[in-house]
Each structure stands twice: as C-alpha cells, then as structure tokens.
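The structure under discussion appears below in the form of structure tokens.
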Amino acid sequence: MKSLVRWGATLGLVGSTLLGAVFAGSFPVLALSEQQIKDKLDSVPVYLITNEKGLPLSRALPEAQSGPKKGGSVTGVYLSRQEAQTFINELRSAKGKDPKLEEIAKNLQVTAVPLGVIYQQLQQTKNQDNRLLFAFKPVDQEIKGALELLQQSGQKVDQFKSVPVFAVRFAPDQGYVPIQMTADKQQLIPLFLSKQDAQGLLGQVKPKYPKADIQVIDVDGVIKTLQDKNDSWLNQVVLVPSAESRQYIQTLPRDNNAPKTPAVAPNRNNSQPAKPKQR
C-alpha cells in the first residue's frame, strides 16, 4: 500500500483543481522496465474481494478458458470500492443461500491493492500452471461515457470490453495536454480513469485550443504502449484514478516524502507522442 500513499499527495487534489478484460498472455521486450511500468500503474488503487485470510474470492476456470497453462482461476478486480462492497452486501442478503455460502459471505471484505501489484503478479506467474487471472470490472458510468465519446466521434460501437482511459489532446492529430508541477515545473501527461476529470482539463484548454478533444483508449492499450514503445514522453505519463479512489487515498497514512501536489495547468506540448492503442 506504500505506493498508493506515495502518490496520495501528488494526485489527491487533482479533482478539486480540475473544474471484463483479463490481463494474460505473453509480453514483449519492454521499452520501459517492468519496475517503471509497475510504478506508473501503482498510482491506481483497485479493489479485490477477499476472505478473512486476505485471499481473493475466485472461481476455477474451465479448461478451455484457462489458456495454454493447465488449470487456473479468476478473481474480480473492481475499479470502484463502493461497487465491490455492494457485491458483498448483495451476497450476504441473498435469499435461500446455503449455509456454506452464508459463512463465506460473512467474512468477505474489500481489499485495496495498487494496480501495479496485479501487473507484477501476472508477470511473475505467466509461465505457471494454476495461475490466478484478474477479470476487471469497470465502473458502468465510465463505460457509458466512453461509448458516448466514441459514438460522437463517428465510431459505430455498442460495447467496451476493457477499462476505459481518457486522454486530453490539443487536437485529434496532435499531442496530449500536459499538467505542470508547481514546485519544479515538471510536466506530466495525465491519463484519466474518469471522463469527468478529463472533461475538466478539456474545459481549461478549449478556449485556446478549440479543436481539443478527449481520446478514449483502454488500460490494455496503455500497458501495451508502455511495453512496446521507446519514446521519452512515456516517462511523463501518469494514470489519474477516479475521484472516489482519490478520496480513499486521502484516508491512508501520509508519506512525508511524497511529491508535491501538481497544479493542473495545461502547457503546450511541442512533441507529438505516439498514441496508445485506440478502440
């Protein structure tokens, strides 16, 4: 949880300053190191349903779905702590459940982990039998927002099978809008897990850049870009969790060595960064 604490001060005030995919398979040679990718993913808390021993609630995968390795199981990974808790509450209140399920449900809890920890776990077990896979459960509101943006751009889509990520661009064929750290003038390129946050930044740049827009990508595409591309701008990328998750981060013990909170001030990005996979 230290990774979340470290980013707490950096991301905690972004919201106030701003007005079922499965990770699996083999990975290519990394442009960024695995540790660098993990560090970037660690800024996003995700939520597992665990038992009293801290083990994730999981189910065995049918042989046909478990991939080239034998066996295996899958557990849900929620992007919303509230939605994970709602699932537990519904399980506990289900009528006619058997005594064994009732006992299991009584001891379930929501456990937050950094997204990078899940990425690291998958990397370490990718060649193992009976591995644990993670089925992501995006927030319904963000899926709806992603589909609306894609349809507005002329794309004929009616479903989004991954976790949507929202990036603000100066124009469809230009670079991403960075934010600036107040202390050292460092520029970061935010990739938002919330459409509302992306709209806040878009509203700031629209008066000067009328063609600015929001690009809808997905977490799989972001990870693939971090793995495949060898571009210096990737070092500036930071994933910004939702307001709900930022509020959760603020409840964690403070790390006195955490970086300063960035002022979300758009700055012209002269580079033309390569774009993560677009749906």
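Net charge dipole, segment 72-197: roughly 180 debye, given to the nearest 20, about the Cα centre with Cβ charges of +1 for Lys and Arg and -1 for Asp and Glu.
By the rule of a C-alpha distance below 16 Å, with chain neighbours fewer than 8 residues away ignored, the aspartates and glutamates paired with Lys211 are Asp173. Toward the positive end of the charge dipole of segment 66-197, with +1 on the Cβ of Lys and Arg and -1 on the Cβ of Asp and Glu, the farthest Cα among Leu133, Pro114, Ala171 is that of Leu133. Bridgeable aspartates and glutamates around Lys137 (alpha carbons under 20 Å apart, same-chain partners fewer than 8 residues away excluded): Asp42, Glu83, Glu90, Glu148, Asp158, Asp197, Asp218, Asp220, Glu244.
Bear in mind these aren't lab numbers, they're just calculated from the coordinates by the rules spelled out. Just so it is clear, the model here is predicted, and its values are computed rather than measured. In this analysis, Cβ positions are derived from the backbone assuming ideal geometry, glycine residues included, and neighbour counts consider all displayed protein chains.
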